[in-house]
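Presented below is the structure to which this report refers.
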Amino acid sequence: MPSSFSKSPGTYAALAAGTVVTAYAGTKAYKSYFQRTPSEVIDLNNQSVEIDPVEHIRRGIQYTDVDINSYYKIIYPKVQTLGDVFYHGYSVSNNGPCLTDVDLSNKVSPLHWISYGTALERIRYIGSHIWTQAKLTPMQSKVAILSINRLEYIFAEHACYMYGFTVIGLYTTYDAATILSLLEKTETEVLIVDSLNRIDSFKNELLRMTQLKEILVMDEITCYENEKIQSIPSVLKTMQQAEVRPIPKINPDSIATFILTSGTTGKKNPNSKSYF
């Protein structure tokens, strides 16, 4: 399951169904990154160190001598939350290239980049729709994403960060019972999926969930069989600029993402959870 953000300059890439969604870092940096082996990027036998012997919390080996909770404030003082990330990239790149799909089956295919401005427009359209149409509450409501890696995943994820909705990341390998259970336990109000086929076997159960206000689909939908089901392409096509909501003030210490571990999906301790 992809979950990342891009600070320009920087590179993000994740494999999914024969494609790569990558953030721009310049042609040379892009090529050099993918030509390096994993062992050149990080020592695979020494990837993290334990910083809490009781909870067994670990951190990346690159930042063992700094306070991770405050270090980012020194590097990018204007980036206080994940909602600030894209605006920072927009500024320092001068609205440069931001995201693209890479077809791994066609290595000679040119890259067609989406600019930061275009990405920001789509992010704010989706965030405004979730806020006004689905009627979610910033810094209270939760949005679950169930999808392979694709551009719309990044847009939806950062729409939540920007408008203060907590992201619930769901693995596509979860079975229907696990997904339904997690949506209920986390009190998720909007479920974003890549396609209706993803939820076809348990769609009726989803529609009967009283706390679930909307199912937002990344693919184009020709026929809406239920008013709870909407599509991102429709949102992007129909929303007017005047309907875009101002970004709310987000508490930098509020939770951005729930990370659901085996402790939450198993039966031994269903009430436990891990988050950051």
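The values are calculated or read from the model by the stated rules, or taken from the named source; none is laboratory data. Treat the numbers as computed from the prediction; the structure is a model and nothing was measured. Quick reminder, even Gly has a Cβ in these numbers, built from the backbone with ideal geometry, and neighbours come from all protein chains shown.
Structure values in brief
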item	result
Every pair of residues 6+ apart whose Cβ atoms lie under 6 Å, when the first sits in the range 173-186 and is modelled with pLDDT of 95 or more while the second is aromatic (Phe, Trp, Tyr)	Ala176/Phe202
Test: residue in the range 121-132 that is small (Gly, Ala, Ser) and either in contact with a Phe, Trp or Tyr (Cβ under 8 Å, 6 or more places away or on another chain) or without any contact (Cβ under 8 Å) to a residue 12 or more places away in the chain (or both)	yes
Filter pass, Gly89 being touching a helix residue (DSSP H, G or I) at 6+ places or on another chain (Cβ under 6 Å), modelled with pLDDT of 80 or more and surrounded by 14 or more Cβ atoms within 10 Å (Cβ to Cβ)	yes
Among residues of the range 60-69, those that are more than 13 Å from Ile42 (Cβ to Cβ) and either under 24 Å from the mean Cα position of the chain (by Cα) or of a type in the set (A, V, I, L, M, F, W, C) (or both), counted	3
Some residue of the range 99-112 being surrounded by 23 or more Cβ atoms within 10 Å (Cβ to Cβ) and in contact with a strand residue (DSSP E or B) (Cβ under 8 Å, 6 or more places away or on another chain)	no
From the options Thr19, Thr64, residue that is surrounded by 13 or more Cβ atoms within 10 Å (Cβ to Cβ), touching a strand residue (DSSP E or B) at 6+ places or on another chain (Cβ under 7 Å), modelled with pLDDT under 80 and of a type in the set (S, T, N, Q)	Thr19
Of all residues in the range 251-263 being out of contact with any helix residue (DSSP H, G or I) (no Cβ under 7 Å at 6 or more places or on another chain), surrounded by 12 or more Cβ atoms within 10 Å (Cβ to Cβ) and not in a loop (DSSP other than H, G, I, E, B), the one that is modelled with the highest pLDDT	Thr257
The listed residue being surrounded by 14 or more Cβ atoms within 10 Å (Cβ to Cβ), in contact with a helix residue (DSSP H, G or I) (Cβ under 6 Å, 6 or more places away or on another chain) and over 30 Å from Ser181 (Cα atoms), out of Tyr116, Tyr125	Tyr116
Residue among Glu55, Glu50, Glu40 that alone is modelled with pLDDT of 80 or more, exposed (fewer than 13 other Cβ atoms within 10 Å of the Cβ) and not in a loop (DSSP other than H, G, I, E, B)	Glu50
Hey, Tyr125 assigned to a loop (DSSP other than H, G, I, E, B) and touching a Leu at 6+ places or on another chain (Cβ under 8 Å) or not	no
Odd one out for Pro248 among (1) closer than 30 Å to Lys73 by Cβ; (2) buried (at least 21 other Cβ atoms within 10 Å of the Cβ)	(2)
